[in-house]
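Worksheet: the structure to be examined is printed underneath.
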Amino acid sequence: MRLLAAPARLLQNPPVRWSILILLCAAACARAQATVAVDVGHFIEEPGATSARGRPELDFNRELAGEIESAARSRGLGTLLIGADGFASRLTQRTAAAAGADFFLSVHHDSVQPHFLETWEYDRVERLFSDRYSGFSLFVSRKSAFVRPSLACASAIGEAMRRAGFSPSLYHADPIPGENKPFADRRNGVHYYDNLIVLKTARTPAVLLEAGVIVNRDEETRMLLAETRRRIAAAVAQGLDRCLPRKNVGPGPTE
Ligand SMILES: [Zn+2]
């Protein structure tokens, strides 16, 4: 009895009681928030597309993913940043790192089909570019077990991107080899890309974002601006905040 009496006396002490309550609340709140795994597309050995000025896509992805993580956190979402060190060369590493998250967002920047690329000289080096297309696109897989919630979030992100002044690229639906990715939600720039491994194997709803076309010379210039990253990240976080199930009962952030 004496063993139980000591903790009971402690609970009568107001500072101790509040500390315990805060600790319990912190644990409950952490469980109540939806957590987004923000995946940095590509890795050092295979850094993805090369921009019109020769910058690897991985560098764009890493910067934007970090910004999306901050924006999501500021909206009260939990986050996991995956692949930021550039060493996540295996898909299994990424999905394992995302275990425990409620949503998987893979962050990429876009190129075009090789036959559209032209050459120009930048900084005395011949580079490949195409100013033919610009804009963002979003992808979901119909082979995912979570296609409906994936599509709901892709549409919400696309809508928030449009409201922030960005336009969907739309060219991935073109009936040409390498594209042919049908629209899932044309207005919001969402396509089906059924065999994209990271989407069909994710253990949660999953969306791949192509934030902009970095082989386009003007779009690359825009994507290099911190202000553009901030606006994209804010829109993505707003979309996620809208589509993810709200598990907590507290008041959400204002728009
Ligand atoms: Zn990519």
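The values are calculated or read from the model by the stated rules, or taken from the named source; none is laboratory data. Not measured: the values here are computed from a predicted model. Here the Cβ is made from the backbone with ideal geometry for all residues, glycine too, and neighbour counts use every protein chain on show. These area figures cover heavy atoms from the full protein model, side chains too; ligands, DNA and RNA do not enter into them. Shrake-Rupley method; radii C 1.70, N 1.55, O 1.52, S 1.80 Å.
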Quiz item: Could you say whether any residue in the range 201-220 is open to solvent by 40 Å² or more (accessible area, probe 1.4 Å) and at pLDDT 95 or above?
Solution: yes
Quiz item: Taking the range 118-143 as the search range and keeping residues that are touching a helix residue (DSSP H, G or I) at 6+ places or on another chain (Cβ under 7 Å), hydroxyl-bearing (Ser, Thr, Tyr) and open to solvent by 10 Å² or more (accessible area, probe 1.4 Å), which one is nearest to Leu240 (Cα to Cα)?
Solution: Ser134
Quiz prompt | Cβ pairs under 8 Å, 6+ apart, first in the range 33-48 and on the phi > 0 side of the Ramachandran plot, second β-branched (Val, Ile, Thr) and within 10 Å of the ligand (Cβ to nearest atom) | solution = none
Quiz prompt | Within the range 57-83, considering residues that are open to solvent by 40 Å² or more (accessible area, probe 1.4 Å) and in contact with a strand residue (DSSP E or B) (Cβ under 6 Å, 6 or more places away or on another chain), the one nearest to the ligand (Cβ to nearest atom) | solution = Arg62
Self-check item: Residue within the range 31-42 that is more than 17 Å from the chain's Cα centre (by Cα), at pLDDT below 95, away from the ligand (no atom under 16 Å from the Cβ) and of a type in the set (D, E, K, R) present
Solution: yes
